[in-house]
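A short reminder: the numbers here are calculations on the coordinates, not readings from a lab. Keep in mind that this is a model prediction, so the values were computed, not measured. Glycine gets a Cβ as well: all are built from the backbone with ideal geometry, and neighbour counts include every protein chain shown.
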Amino acid sequence: MILTIAKKELKLLFVSPLAWTFLALIQLMLTWVFLGRLDAFLELQSQLMQIANPPGATEVIIVPVFAVASIVLLMATPLLTMRLMAEEWRNHTMVLLISAPVSITAIVLGKFLGLMVFFLLAVLLTVMLSLSLLMGGTMDFGLLLSNTIGLLLLAACFVSIGLYISSLTSHPAIAALGTLGILLALWIADIVASNAGNVIQNFSLLRHYESFNRGLIDSFSLVFFVLFTLTFLILTIRRLDGERLHG
Amino acid sequence: MFVNDSMLNVTVFAHNLSRNFGSHTAVRRVDLELKRGEILGLLGPNGAGKSTTMQMLTGNLAPTSGSVQICGVDLLKNPRKAKCYIGYLPENPPLYKELTVDEYLQFAARLHNVDLSRINSAMTEAKQRCGIGDIGKRLISALSKGYQQRVGIAQAIIHQPEVIILDEPSVGLDPNQIREVRALIRELGKSCSVILSTHILPEVESVCDRVQIMHQGVMVFGAVLAELKQQGLSLEQIFEQFTLKNAHTGNS
């Protein structure tokens, strides 16, 4: 049942030009960064060779690409999550899902999974871009793996919060703005807390992503991402249940 | 034995159903019973609580008090099993306008646990019954209101439910389509139970076996249509008598 709903979400996503435009744009931007870094790497290569422990191609080229990918994801997620729930309220199609013999948990998880499959595709494109480096040399696969895992976990957090905000309103535009606002706030939470070790810093999603970006799978960050996603999925389920109970 | 048999034939049993929205009571202590092969017309002026009652019967809204049983299964305690028996067309047909009719019906069928092997035959049958057999490849957004309404009805009957709940099914249809939809409802009523809400009195007279009139959230009248006809009472007079009288006392 979760798969049925996920499949429907994907279908609705791909019949609109939004998904294709998004995939094309993210690919364009990342390739641009990729080529820029590649150029810089080739120029610096001779100098890098003289250092005792030189940074490899993966560190110089791929890490910045994934860092940019996280920002692009942050900007684009609200546009993709806004219609998940809000449009169902608006078009009265939520009734179809709720009248069917499907639990609310399955509805929420199906929608979450549908969008995650889409983001998996976007991440996969980025990974393939990175793998093209293999044509000219070797790569640090560990670093690539930690970046991939990090980006997927980050996407899961973004989607879950977007899903929740979208369930609060029947106006997709408000859902998009609300999600963007919160994601930006969670990003700059890092900067606001100027002195290191402040509790607020821990809420910055991109700060947690940084450790994955550096190739460090930090268990604290891992647990934070998973708990963050779960929290907002549960909040969404509760919200849908509340609609039935309180009207 | 006889009691058991008649109990088995009851498909919808709602007892003492109430629903408050804040301090406002939309539906107050409504009782409703429906047998297999019966078509019930739910009548009432705008805002009488018909749609709210239907939302409670389909599990879209939790009642403040009271209980609902669908084919003997408690809707509140075991919603997923009870919902298997229900086909519901809400006031606004729940259509994904970006999909084609076939894609949409396929999704509706999967959502209602129709077997993959049976999906194609179920879709063909539902489309044929609703008279939309030849527009399967078209986008729902490109259809006229009447066709969209029919797709909505097809969605409600695709899993061959025991109970079909239709909220104003003939809105937006032209006279020919209204006649077809009424014929379809009569045919559906032979094998399942149908609840139909409307404000069109002739529709009730031509389609339904039984009528219940709601006014200001309360069930004010209920009768078998054949008996009314025997007594020579007109539905219009009864409707006026029960809904106008209470409105005056309510206002004064």
Under the definition of Cα pairs under 8 Å and six or more residues apart, what whole-number percent is the relative contact order of segment A:2-246?
27 percent
Of all DSSP beta bridges in the protein assembly as shown, antiparallel share, percent nearest 5
55 percent
Entries in B:Lys35/B:Lys229; B:Lys35/B:Lys137; A:Lys8/B:Lys83; B:Lys35/B:Lys97; B:Lys83/B:Lys127; B:Lys50/B:Lys190 that, when Cα-Cα distance is taken, lie over 30 Å
B:Lys35/B:Lys137; B:Lys35/B:Lys97
To the nearest 20 debye, segment A:2-246 has a Cα-centred charge dipole, built from +1 on Lys and Arg Cβ and -1 on Asp and Glu Cβ, of 700 debye
Rotationally averaged projected area of chain B (alpha carbon convex hull; nm²)
15.3 nm²
What residue among B:Arg28, B:Arg138, B:Arg186 shows peak mean-square fluctuation when chain B is described by a Gaussian network model with Cα springs under 10 Å?
B:Arg138
Would you mind ranking B:Glu236, B:Glu98 by Cβ crowding within 10 Å, fewest neighbours first?
B:Glu236, B:Glu98
How large is log10 of I(q)/I(0) for segment B:116-252 at q = 0.21 Å⁻¹ when the intensity is taken from the Debye formula with one equal scatterer per alpha-carbon?
-1.27
State, to one decimal in nm, how far the label point of B:Gln231 lies from the label point of B:Arg80, with both points 7 Å from Cα in the Cβ direction.
4.7 nm
Stokes-Einstein D in µm²/s, Kirkwood radius over Cα pairs - the protein assembly as shown at 20 °C with 1.002 mPa s viscosity:
83 µm²/s
Kindly write out, for segment A:59-75 in residue order, the coupling ³J(HN,Hα) from the Karplus curve 6.51 cos²θ - 1.76 cosθ + 1.60 (θ = phi - 60°), rounded to whole Hz, with x marking Gly and Pro.
5, 7, 9, 6, 4, x, 4, 5, 5, 5, 4, 5, 5, 4, 4, 4, 6
From zero outward in steps of 10 Å, how is the percent of C-alpha pairs of segment B:95-160 spread across the bins?
25, 60, 15, 0
Write down the radius of gyration of segment A:2-246 and its Dmax, each obtained from C-alpha positions, in Å.
19.7, 69
Say we join alpha carbon atoms closer than 10 Å with springs in a Gaussian network model of chain B; which of B:Ser144, B:Ser67, B:Ser197 then has the biggest fluctuation?
B:Ser144
Roughly how crowded by other chains is peptide A:6-19, in terms of the mean Cβ count from those chains within 10 Å of each of its Cβ atoms?
2
Using a Gaussian network model of chain B whose springs link C-alpha atoms within less than 10 Å, name the residue from B:Arg19, B:Arg179, B:Arg210 with the highest mean-square fluctuation.
B:Arg179
